[in-house]
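To start, the structure itself, in structure tokens.
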Amino acid sequence: MFITLEGPDGSGKSTLAKGLCAALQARGFSVVLTREPGEGEFGASIRSILLHGGDMSQKAELFLFLADRAEHVESFVKPALEAGKIVICDRYADSTVVYQGYARGLHLDLLRELNTFATTGLVPDLTLLLDLPPEVGISRVPEKNRLDSASADFHIAVRNGFLAEAKLEPGRFAVLDAMRSAEDVLAGALEVVDARLRMAGRV
Ligand code: TYD
């Protein structure tokens, strides 16, 4: 089962990812936790260019995210799924549609097509979207890298973009209120994951 976590910076994705991973492992599932961009040696090199590489064109940035994703899916995500593991991935293709598309203005359909190409069509079984007002997310994260330094309008477009995508695919997305405590967000996420595991006949 392939689960992705999406949401704006400061929405608590990484905390949820760790909590979810621990809770599922405690129940005997084999779980791998991963993230984009930046898994493995190749991913780490790309992440370093993305975060600290100075100014770059939107197209160059897009292709770095896609290169990271293509390699990540091929060498990491697919083998883990084929081995029957639950893969929890902190950010995936929806981040590209939202950040490079809704927020930076690149064409949404083109981005969807490039995502399909990069992932060979691997779509998550479940996407947990952590939703919260942009100003709350921004205030939770001290600006730490090139990608965090964006205007308020950008952060609003990111939130609205994620919510729009969730509306387009209600069967895949579950929207979680990220204003709640980390414990409550984890409990909400586990309920959704449990329902999916039951549907998949894994519990
Ligand atoms: P990161 O430090 O991993 O932030 P976070 O903890 O919020 O995930 O930085 C990743 C940044 O890259 C984040 O601002 C979102 C952005 N991003 C894109 O713009 N496009 C993408 O396809 C992905 C995966 C991330």
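Okay, here's what the table says:
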{"item": "Tally, over region 141-158, of residues that are surrounded by fewer than 14 Cβ atoms within 10 Å (Cβ to Cβ), modelled with pLDDT of 85 or more and either of a type outside the set (S, T, N, Q) or within 12 Å of the ligand (Cβ to nearest atom) (or both)", "result": "2"}
{"item": "Test: residue in region 150-157 that is in contact (Cβ under 8 Å) with a residue 24 or more places away in the chain and in contact with a Leu (Cβ under 9 Å, 6 or more places away or on another chain)", "result": "no"}
{"item": "Search result, residues across region 17-28 that are in contact with a strand residue (DSSP E or B) (Cβ under 8 Å, 6 or more places away or on another chain) and in contact (Cβ under 8 Å) with a residue 60 or more places away in the chain", "result": "A17, L20, C21, L24"}
{"item": "Evaluation of L126 against (1) over 16 Å from R91 (Cα atoms); (2) surrounded by 20 or more Cβ atoms within 10 Å (Cβ to Cβ) (one fails), failing number", "result": "(1)"}
{"item": "Residue among G161, G101, G105, G137 that is surrounded by fewer than 17 Cβ atoms within 10 Å (Cβ to Cβ) and within 14 Å of the ligand (Cβ to nearest atom)", "result": "G105"}
{"item": "Pair list, Cβ under 8 Å, 6 or more apart: region 105-122 residue farther than 13 Å from A67 by Cβ, other residue not in a helix (DSSP H, G or I)", "result": "L122/F2"}
{"item": "Criterion violated by A187 - all others in (1) closer than 16 Å to D94 by Cβ; (2) surrounded by 13 or more Cβ atoms within 10 Å (Cβ to Cβ) satisfied", "result": "(1)"}
{"item": "Total residues in region 60-73, condition touching a residue at least 24 places away in the same chain (Cβ under 8 Å) and over 14 Å from E41 (Cβ atoms)", "result": "8"}
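The values are calculated or read from the model by the stated rules, or taken from the named source; none is laboratory data. Worth saying up front: this structure is predicted, and the values here are computed from it rather than measured. In this analysis, Cβ positions are derived from the backbone assuming ideal geometry, glycine residues included, and neighbour counts consider all displayed protein chains.
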